[in-house]
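In what follows, a structure is listed as structure tokens, so that the remarks can point back to it.
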Amino acid sequence: MNEVKNKFISHHIGSLLKEIFGSGTGIITFIGAAILIFFVILAIFAPQIAPYDPTVRVSRSLKPPSDEFIFGTDNLGRDVLSRVIYGARIALTIAFIAVLIAAAIGIPLGLISGYIGGILDRIITLIMDAIYSFPGLILAIAIAAVLGPGILNIAISIAVVYAPTYYRVIRNQVASIKDELYVEAARAIGARNIVILLRYILPNVLPSVVVVLSMNLADAIMTEAGLSFLGLGIAPPTPDWGFDLSNGQRFVLSKAWWGLLYPGLAIITVVLGFSMFSEGVNEYLNPTIKEKR
Amino acid sequence: MRSEKVIEIKNLRISYLTRRGPVSAVDNVSFSIMKEETLGLVGESGCGKTSIGNSILKILPKNSSIEGKILFEEKNLVELGEKEMQKIRGLKISMIFQDPMTSLNPIMKLRDHFVETIKTHKPEISEDKAEEMAEEAFKAVGIEPSRLKDYPFQLSGGMRQRAMIALALVLNPKFVIADEPTTSLDVIVQAQILELLKNLKEKYKMSIMLITHDLGVVAEMADRIGVMYAGNLVEEGLSEKIYYEPKHPYTEALLKSIPNTKPEDKKLIYIPGNLPDLINPPTGCRFSPRCPKAMKICFEEEPPIFEVDGSKVKCWLYKGAEIVENERVNQS
Amino acid sequence: MSLKNYILTRILLAVPMIIILLAFIFLILRIIPGDPVLAMLGGKAPKEVIEQKRHELGLDKPLPIQFFDYFFGLFKGDFGKSTLTGRPVLDELKERFPATVELTLFAFVIAVLIGIFGGTEAAKRKDKLPDVLARFFAIFMYAIPIFWFGLMLQLLFGVMLRWLPVAGRISPAIQFEPITGLYIIDSLLRGNWKAFVDVVKHLIMPGTALGLVISSIFLRMVRNNMVLVLSKDFVKAAIARGIENKSVLYRHALKNALVPIMTVMGMQLALLLAGAVLTETTFSWPGLGSYLVLKIRYRDFPAIQGAVVFFAIIVVVISIFVDIINAIVDPRVRY
Amino acid sequence: MKELIRVENLKKHFPLKRSLIEAITRIPPRLVKAVDGVSFTIKNGETLGLVGESGSGKTTTGRLILRLIEPTNGRILFEDKEITSLKNEALRKMRKDMQIIFQDPMAALNPYMKIGEAVRHPLKIHGIGSSKKEQLDTVYNMLEKVNLTPPRNFYNRYPKELSGGQRQRVVIARALITNPRFVVADEALAMLDVSVRSQLLQLLLDLKNEFNLTYLFITHDLATTKYICDRIIVMYLGKIVEIGSFDDIYRSPAHPYTKALISAVPEPDPKIQKSKKKLIPQGEVPNPINPPSGCRFHPRCPYSIKNLCSVEEPVMKEISDNHFVACHLFD
């Protein structure tokens, strides 16, 4: 389980924060949730919040931050602040869709594979392990290259990378819970398989599902940013943090730092937000965590 | 009569700082161990017996604090620095742990455990000589010396505990702390190990402090027994005295509640209630809430230690007897 | 099981893994909706040209045949021909490979050094200031997208301070004949001091950017495993035998803590390769990663497939290697 | 007394996991012969002790009788009815009458289930009690019987909020709520503190009398059997070596292994201890993958007979009334 979690950026961050703040998990969850709500609001109400149209030239090119354009303007004279605000839309949408697809593939497979076991389990595990061991970004790049741009296509590319992670978490949990003494106890009192699955195994797996889900969102955002930085994301002029960064890179030599700084900070903040939130959820949903045997 | 004290513990207090507050794990405990003597320290889990063992070698966790005196070779170990403690550990005082599986480094050959220990304390000894010493130690505990090149996991449970004992004794320490040395073993292997310990004690003329929850194990090994309850040493005396004439109601109850091997003695007696919470220990005597003989004073005032018939008892039943130690006097 | 048997088993186990990975890559690049030829030529190409191209690439054959062609081709070292340059893909990959190795190894060494020493010291001083600082470093470092970090370094050290070159592997002005392809080694072998300084200057920024980001994972892993191991009985037992602190920390604890970490480190090395794609793009580093991105831009599908397969093989080789080291360090693995 | 359980030639061989090379080369998996042909009966209302060291197969035997694991061979009869091949529904229905108390009470309780719900669940599964209220009353009643009082306070707690002894009381309550006839107590007291252990032993005795239970009391600790067991079976490496009444086993043990086991129990009484003759065999229990030939105890047995014990497996013989032993010394 832990080994699987290690692949999640957000897991590292979240539990580190937990370690630092000690019992103050509430604070971490709260800050995480606040950041997430903030970005969700930005995404939903972007037209109302953003001062300018993000795709339209509103000033001269590469204007440094000023009172009028507090984040400056990019090479096409577009307002960087507005683009950062609108960027939340693409980032969050793709992340959510990707995570849903990955979960929809990985979770049922993991449940079946873990509970039934046997040869089917071995085969699925072998395939999933092979995909899992492959560097995710390169896989996503290859798939995105074939599929071409588009929100759904990018989401699929990311989902393929993360589906094995869900599978592994769920499968390993189910397989180990199946051997727990309380499952044997349930059989000893005469519970049916379906009752065992629903009342004894599922409640014990659910927390990991929720935690993995929220951790995965952070990683999906990172991967999406990486893909669009490489030019494999949404077609311009749609505002997208990763694309804006690769666009801004061309003007590094002109010292136009504002085009680079703000989209990057946006990515970092969202990733931190998801990490904090998922760790808090982890703590909340896991009644065994506080008191050890 | 052996009268020379190997180690003397005076007014020892150990507490742990936890999230719920400080836990007073050991409260004002004093006792000594004589040369070539085996003292058994008995009690249920959480009574503080392991804390005492660890405090002597100063290997308590970081959230702990020690007060009092642990006198060994005219030095107070409580005040000794880490460098000086290192010179004592393993050389003069050794420890045998409960679980030999987890107490040996899993990815280190047994031979290297020995060589490392010997070379640390006696750098002048050559590696070959150290290996020879390890072989001797293995022979002494009844393991084939060729098994030194194995890893701990390749040995059976009983063999591992033998190896652990050999490692503890390789530098011929004069004092050995054995912390539940047979708890994780099966009955027959336990008997083998106890027998081995007894023989080795005779051979190497060392003192042993045997920590265990099992009164039977203590009776097999110990000359004297100390009974602990909730951080207090409630009774201390010669083994036979403790068994035939227990003075403290807890000792009495504990003796009755453990099964003996007499087939006719089938009456089951148990101590009602639960162990106290050491964050808020009961006022007065810590056993008072469960004690069948508790009097008014037991709930109000902590009993001093009385000397009764050669035993030391921390119980108000013996009010009027000579007070060995009154903690309010000694506290300063 | 003897070490030899273990290694044999491990290599045997890698065979199905490689087959699955190759099949997976094949399936993704051939079956997923979207036509590589159309994507290559654009929608407006005449039908005959498309058919011609299909035939050229063997795409008109039935799928299983295509798969076997591809599979046995790979077996013989035939990675196909680039549609962009017309050269064998394998040759192009071989040219690019040393650059990626140099960057990745440099970053890996930085990450391991920071991870092991930082993590050990943090664990030793658990909950004290150095530990808290180390943990904060790990949190923020890992939330930073590597390419953004690279851009910020470029901006600061390349553009504003002008200390280091912004991009590339070596200055064009420097005349220098490579031997192994690893420029640092080559420049030393040639005794070309000027080239060496130049190469190192080029390597510092991308290598450090990549290394620092990955170091946060190592740091955290080493720290947490060390904290766990330090609480184990055998550490207490070692202290109780009078073993010195340093010896307990590094000889007993660290070695044990590294056992589980090593597997993850191997995986991270593979992850580093992925990170290298972004880093190479950011710093115009002429390695496999920027090769892949370049080929994607020109829709050179044989080259894309070749590069991905190449990555897959590297990953499998690394994982075998790591498992074998693990079995040497920890004998329990073999049984 | 009527017989409640009959076990005939019961075997359980667990296959070891093969390595890849072994699987490819079709080397048959090695077997751990955990239980290797045991036969015995349990009479209605008695408590049968099953004693042995780790690796003796005692826990596996308990689980086999309850059909929690599938036997490799042999028959199990419950009230003269064969239950060895019961499937699905019939097997589930049978569970109402046969229950188990586990060693580790924390692991035996679902951490996400309130303890009241855990105790009530068997009632729901078997449709006992017409209404929720009736079931709740039954549960409260049971919680009170195991001394978790007041029961309403305990009902809504989670396992982690209880002490070890209290958790074990919950497990006992859950096992007894369906009014079973037969209960397997699998090292049920091993993980508890001395003072709690005797409390729970007393509880088990009280409940046995109240519900007219039949116990199979599995333990490694010979000394506790005397308070509760009428008869005792001693197992060694998957085989039964001796069966007899408590007095037979305790006062006149026949098998050298039983003797060793008894003399190895640490004796708190210093006088007895000094006079007691120790008969401790050398070495440890061998690996059940390759058990010794003939009598499995012969390599460690001080009385081993040359060319007999190592070759021929001893059969069960009745040496006195209902006292059976499998040893060549009694041929």
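The values are calculated or read from the model by the stated rules, or taken from the named source; none is laboratory data. This is a predicted model, so every value here is computed, not measured. Here Cβ is always computed from backbone atoms with ideal geometry, including for glycine, and neighbour counts include all displayed protein chains. These area figures cover heavy atoms from the full protein model, side chains too; ligands, DNA and RNA do not enter into them. Shrake-Rupley method; radii C 1.70, N 1.55, O 1.52, S 1.80 Å.
The residues of segment B:40-184 expose, per residue, 37 Å² of accessible area to a 1.4 Å probe. Taken residue by residue and averaged, Cβ atoms of other chains lying within 10 Å of the Cβ of B:99-106 number 5. Ignoring ligands, DNA and RNA, please state the percent of accessible area on chain A from carbon and sulfur, probe 1.4 Å. The C+S portion of the solvent-accessible surface of chain A is 67 percent. Pairing chain D with chain A buries about 2500 Å² of accessible area. This figure sums both sides and uses a 1.4 Å probe. The residues of segment D:121-165 listed by number as losing at least 40 Å² of accessible area in the complex, against the isolated chain and with a 1.4 Å probe, are D:His121, D:Ile125, D:Lys160. Computed about its Cα centre, the charge dipole of chain B is approximately 420 debye, with only Lys, Arg, Asp and Glu carrying charge at their Cβ.
Only one residue of D:Ile27, C:Ile170, D:Leu216 has its Cα farthest out toward the positive end of the dipole of the protein assembly as shown, where Lys and Arg carry +1 and Asp and Glu -1 on Cβ, and that residue is C:Ile170.
From a point 7 Å beyond the Cα of D:Met94 in the direction of its Cβ, which residues of segment A:185-214 have a backbone N at a distance under 19 Å? Once the point is set 7 Å along Cα→Cβ of D:Met94, A:185-193 turn out to lie under 19 Å by backbone N, inside segment A:185-214. Report, to the nearest 10°, how far helix B:157-169 tilts away from the longest principal axis of the Cα atoms in chain B, using its own Cα long axis and a range of 0 to 90°. It works out to around 90 degrees. Identify all aspartates and glutamates with a Cα-Cα distance to C:Lys81 below 12 Å; exclude those on the same chain that are fewer than 8 residues away in sequence. Cα-Cα hits under 12 Å: C:Glu56, C:Asp91, C:Glu92, C:Asp300. From most to least packed by mean Cβ count within 10 Å, the peptides B:79-85, B:188-194, C:23-29 give B:188-194, C:23-29, B:79-85.
Compared with the alpha-carbon gap, the fully stretched path from D:Glu144 to D:Ser163 is longer by 5.2 nm at 0.36 nm per residue.
As a calculated quantity, the FRET efficiency between C:Val329 and B:Lys119 at R0 = 30 Å, using C-beta atoms, amounts to about 0.85. Full extension of the segment from C:Lys126 to C:Ala173, taken as 0.36 nm per residue of separation minus the current Cα-Cα distance, would add 11.9 nm. Relative to the longest principal axis of chain B, what angle (0 to 90°, nearest 10) does the C-alpha long axis of helix B:187-204 take? Orientation of helix B:187-204: about 80 degrees from the principal axis. Centroid-to-centroid, using Cα positions, segment D:136-160 and segment A:54-127 are 50 Å apart.
Would you compute the Debye intensity of the protein assembly as shown from its alpha-carbon atoms alone, equal scatterers and no solvent, and pass along log10 I(q)/I(0) at q = 0.07 Å⁻¹ to two decimals? With no solvent term, the Cα-only Debye profile gives -0.87. A Cβ-based charge dipole, computed about the Cα centre of chain D with Lys and Arg at +1 and Asp and Glu at -1, lands at about 820 debye.
Between D and B, buried accessible area summed over both sides at probe 1.4 Å, in Å² to the nearest 100? The summed interface area works out to 3800 Å². Rounded to the nearest 0.05, the FRET efficiency derived from the C-beta distance between C:Asp60 and A:Ser66 at R0 = 56 Å is 0.40.
Of the GluC sites (Glu not before Pro) found in segment D:51-159, the ones in coil according to DSSP and having at most 14 other Cβ atoms within 10 Å of their Cβ are D:Glu79. Remark: accessible area buried at the C-B interface is about 2300 Å², both chains counted, probe radius 1.4 Å. Can you list, bin by bin at 20 Å, the percent of alpha carbon pairs in chain C, starting at 0? Going from the shortest bin to the longest, the percentages are 25, 50, 23, 2, 0. Peptide C:266-279 has a mean shielding of 4, counted as Cβ atoms of other protein chains within 10 Å of each residue's Cβ.
Contact order, relative form, for segment B:127-235: 21 percent (alpha carbon pairs under 8 Å, 6 or more residues apart, mean separation divided by residue count). Taken per residue, the accessible surface of segment C:89-334 reaches 38 Å², heavy atoms only and a 1.4 Å probe. With respect to chain D, whose longest principal axis is taken over its alpha-carbon atoms, helix D:194-211 is tilted by about 70°. Counting only protein heavy atoms and a 1.4 Å probe, segment A:2-292 has 36 square angstrom of accessible area per residue. Projecting label points 7 angstrom from Cα along Cα→Cβ for C:Val109 and A:Asp129 puts them 3.3 nm apart.
Each of B:Leu169, A:Val80, D:Pro150 was scored by the projection of its Cα onto the charge dipole of the protein assembly as shown, and the greatest displacement toward the positive side belongs to A:Val80; charges sit on the C-beta of Lys, Arg, Asp and Glu. Helices that extend 27 Å or more along their long axis by alpha-carbon positions and average at least 1.6 on the Kyte-Doolittle scale are, among the DSSP H runs of chain A, A:25-44, A:80-116. About the centre of its Cα atoms, the protein assembly as shown shows a dipole size close to 1020 debye [charges on the beta carbon of Lys, Arg (+1) and Asp, Glu (-1) only; nearest 20 debye]. The calculated FRET efficiency for B:Ile323 paired with B:Ile297, based on their beta-carbon distance and R0 = 22 Å, is about 0.95.
Cross-link pairs exceeding 19 Å in C-alpha to C-alpha distance, out of B:Lys241/B:Lys314; B:Lys87/B:Lys203; C:Lys255/D:Lys17; B:Lys203/D:Lys271; B:Lys312/D:Lys271; A:Lys255/C:Lys194, comprise B:Lys87/B:Lys203; C:Lys255/D:Lys17; B:Lys203/D:Lys271; B:Lys312/D:Lys271; A:Lys255/C:Lys194.
Panel note: contact residues of segment C:237-261 (accessible area lowered by at least 30 Å² against the chain on its own; 1.4 Å probe) correspond to C:Ala237, C:Ile239, C:Ala240, C:Arg241, C:Gly242, C:Ile243, C:Glu244, C:Asn245, C:Arg251, C:His252, C:Asn256. Peptide packing for D:35-44, A:268-277, B:50-59 was compared via the average number of neighbouring C-beta atoms within 10 Å per residue; ordered from the highest value, the list is A:268-277, B:50-59, D:35-44.
Counting only other chain Cβ atoms within 10 Å of each residue's Cβ, the peptide A:143-152 averages 5.
For the modelled label position 7 Å from the Cα of B:Glu136 along Cα-to-Cβ, which residues of segment B:53-96 have backbone nitrogen atoms closer than 19 Å? Counting only backbone N, you get B:90-94.
Overall, the accessible surface of chain C at a probe of 1.4 angstrom is composed of carbon and sulfur to the extent of 68 percent.
Model label sites at B:Lys109 and D:Leu31, defined 7 Å from Cα along the beta-carbon direction, differ in position by 3.8 nm. Projecting the Cα atoms of D:Thr60, D:Ser131, D:Ala90 onto the charge dipole of segment D:50-154 (Cβ charges, centred on the Cα centre) puts D:Ser131 farthest toward the positive pole.
Expressed as a whole percent, the accessible area of segment B:103-172 that falls on carbon and sulfur atoms is 45 (1.4 Å probe). With only the Cα atoms considered, segment B:120-205 has a convex hull volume of 105 Å³ per residue. Within a straight-line Cα-Cα reach of under 12 Å, B:Lys10 can be paired with the following aspartates and glutamates, leaving aside sequence neighbours fewer than 8 residues apart in one chain: B:Asp27, B:Glu67, B:Glu325, B:Glu327.
Put a dot 7 Å past the Cα of A:Arg57, heading toward its Cβ, do the same for B:Arg147, and the two dots end up 8.6 nm apart.
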